[in-house]
Amino acid sequence: MTFRRLVAVTAALAALAGVAPVRAETTLRVVLHSDLKIIDPIWTTAYIVRNHGYMVYDTLFAMDAKGEIKPQMVDKYEISKDQLTYTLTLRDGLVWHDGKPVTAEDCVASIKRWAAKDSMGQKLMTFVKDIQIVNPRTFKIVVNEPTGLVLGALGKPSSNVPFMMPKRVAETDPNTQISDTTGSGPFVFKKDEWKPGDKAVYVKFDKYKPRAEAPSGLAGGKIVKVDRVEWKWIPDHQTAMNALIAGEVDYLEAPPHDLLPVAKADPNVKLVDVNPLGNQFTFRFNTLHKPFDNAKVRQAVLYAFNQEDFLKAVVGDAAYYKVCKAFFPCGSPMSSTKGMEGLLESNFEKSKALLKEAGYDGTAIVLMHSTDLAVLANLAPVAKSLLEKGGFKVDMVSMDWQTLVARRAKKDPPTAGGWHAFLTSWVAADILNPVMMGFMNASCDKAMFGWPCDKEIESLRDQFARETNPAKQKAIAEAVQVRETHYPTHVPLGQWYLPSPVRKSVDGIIQAPVPVFWNVTKQ
């Protein structure tokens, strides 16, 4: 007897007996780019933790597929005529996973914890005069001067995302990891089934109240159509691909590009482009220590590098990468090549000349090399080769990504466990403007690891935050980019794209910069 026939017979017998048939539970099994070991999406910028956040939590606003900020938990909002007061009212019926109602107090505490950690949140709070509770569903954000930053920051799509948490959780010190995963999002985290190194489990939250609009990007109605989502951790990419083809898992987020032809060849698998704006490879400087404390030495790197060598080494297939000599992603509103003429073309003689002018003494660059993430592993060897051709000495130190993440937070000298540089990748949604782009934060000790310190960049970022006219914002973004060529904080190394292999039995996957699993069906 076939399985379908057995189900039909069982249902018929149950009906005869007067018993309602038990509905089969639908479980979606996915393999994401990393194992889930941390569950606090405010404490870390790690994308796997951000992905966890979108399962469990909700946001006040969200970015739709057009890049526009739309209300999410917010029912309505008003901006005063003087543009100094934002009054936000929550939707009716929002509840936490423990059944308690979501309140304005919860949201205010969540905003404050997020803003203490996030680069865009920090900038927003320099404009905030006060946040006032009006009633259990309404609060006001009062700013000291007009800014276009409020809604954009609260609808920030990627790390760190301003997720709303219960007040008791949000009052945790931002530098201390939370352990309570109570959210108000569309899924509940089954902490009792979480096994780091194996799986994380989420089940449908039956009291979640989705918006009435159709889903669009990270905005709109989050209607959950499966009962359970299991994140399986399979570190070997070939094993993960074999599991997909065998039907043991339904979705692979980020296989290496050289395995895509295997997925294409299987009649039961399709490729889904979930992030059409793509990602950007990036080289990050540590400006605290010689020789990268000298801006002219950092400029030499802009001349020594070219993007295509990096893109070919990692991606290989030109269908999945784009040379883009811009700090802001090509295809996004702020993108421009202004100031980039002659850069990123491997002009080694120019690089050597700048090093000579700067008095570079041959100090070896301690270059951290991540070995275990396929999309990063080949970057550092390319960087080493190009730097050496440009006149640098390089000491490449190999380690896994988690070790690199821990080491990059250290301010120690490179010869004593610190570092000079490393390479990483940003999703395009994280780097759309100068305030959002974490590596452009040049506020010295308050900046991200690398700690650039430049009053001119910070002044321009402040101007961008005050400006509400898109054309004027574009001009400021171009000015920031030009300044970056004189005081480099990092180097953009081109855009890359990666479709996700998915079983054809799965439908409804939403195009967004983050893998999300509402609206998804599985036959």
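The values are calculated or read from the model by the stated rules, or taken from the named source; none is laboratory data. If you're wondering where the values come from, they're calculated on a predicted model, not measured in any experiment. FYI the Cβ positions are ideal-geometry reconstructions off the backbone, even for glycines, and counts take in every protein chain you see.
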Restricting attention to the range 94-107, which residues are surrounded by fewer than 18 Cβ atoms within 10 Å (Cβ to Cβ) and in contact (Cβ under 8 Å) with a residue 40 or more places away in the chain? V95, D98, G99, K100, E105
Go through the residues of the range 53-71 one by one and say whether even a single one is surrounded by fewer than 20 Cβ atoms within 10 Å (Cβ to Cβ) and under 22 Å from F189 (Cα atoms). no
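Taking the stated definitions as given, is N268 surrounded by fewer than 20 Cβ atoms within 10 Å (Cβ to Cβ) and in the same structural domain as M340 (by TED's automatic domain parsing)?
Values: surrounded by fewer than 20 Cβ atoms within 10 Å (Cβ to Cβ): yes; in the same structural domain as M340 (by TED's automatic domain parsing): no.
Judged against the criteria, N268 is not a match.
For the structure I just gave you, tell me whether P501 is outside the structural domain of K322 (by TED's automatic domain parsing) and outside any loop (DSSP other than H, G, I, E, B).
Numbers: outside the structural domain of K322 (by TED's automatic domain parsing): yes; outside any loop (DSSP other than H, G, I, E, B): yes.
Spelling it out, P501 is indeed outside the structural domain of K322 (by TED's automatic domain parsing) and outside any loop (DSSP other than H, G, I, E, B).
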Matching option when the condition is charged (D, E, K, R) and under 15 Å from F61 (Cβ atoms), among K140, K156, K199: K156
Within the range 480-523, of all residues that are among the small types (G, A, S) and surrounded by fewer than 20 Cβ atoms within 10 Å (Cβ to Cβ), the one farthest from A380 (Cα to Cα) is S505
Report, ordered by the first and then the second residue, all pairs with beta carbons closer than 7 Å, sequence separation of six or more or different chains, a first member in the range 128-139 that is among the hydroxyl-bearing types (S, T, Y), and a second member that is surrounded by 13 or more Cβ atoms within 10 Å (Cβ to Cβ). T138/T87; T138/L88; T138/T89; T138/A104
Considering only the range 124-231, give the strands (runs of 3 or more DSSP E) lying wholly within it that have at least 3 residues that are among the basic types (K, R). none
Matching residues in the range 106-120 - criterion: being out of contact with any Ser or Thr (no Cβ under 9 Å at 6 or more places or on another chain) and modelled with pLDDT of 95 or more: C107, V108, A109, S110, I111, K112, W114, A115
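Would you point out the residue of the range 171-189, among those that are farther than 26 Å from I223 by Cα and under 21 Å from the mean Cα position of the chain (by Cα), that is modelled with the lowest pLDDT? Can you show your working first?
Filtering the range 171-189 down to residues farther than 26 Å from I223 by Cα leaves 171-179.
Among the residues that remain, those that are also under 21 Å from the mean Cα position of the chain (by Cα) are: 174-178.
Numbers: P174: 93, N175: 90, T176: 94, Q177: 93, I178: 97.
Out of the qualifying residues, it is N175.
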Kindly establish whether D372 is farther than 30 Å from L260 by Cβ and either of a type outside the set (F, W, Y) or in contact with a Lys or Arg (Cβ under 6 Å, 6 or more places away or on another chain) (or both). no
Qualifying residue in the range 411-420 (condition: touching a strand residue (DSSP E or B) at 6+ places or on another chain (Cβ under 7 Å), closer than 30 Å to P276 by Cβ and assigned to a loop (DSSP other than H, G, I, E, B)): no
Hits in the range 63-94 - residues which are charged (D, E, K, R) and either in contact with a Cys (Cβ under 7 Å, 6 or more places away or on another chain) or in a loop (DSSP other than H, G, I, E, B) (or both): D64, K66, E68, K81, D82, R91, D92
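Can you tell me which residue in the range 447-469 is farthest from S336 (Cα to Cα), limited to those that are part of a helix (DSSP H, G or I) and in contact with a Gly (Cβ under 9 Å, 6 or more places away or on another chain)? Give the steps one after another, and end with the answer.
As a first pass, look at the range 447-469 and keep what is part of a helix (DSSP H, G or I): 455-466.
Going one step further and asking which of them are in contact with a Gly (Cβ under 9 Å, 6 or more places away or on another chain), we end up with 464-466.
Numbers: F464: 16, A465: 19, R466: 21 Å.
Selected residue: R466.
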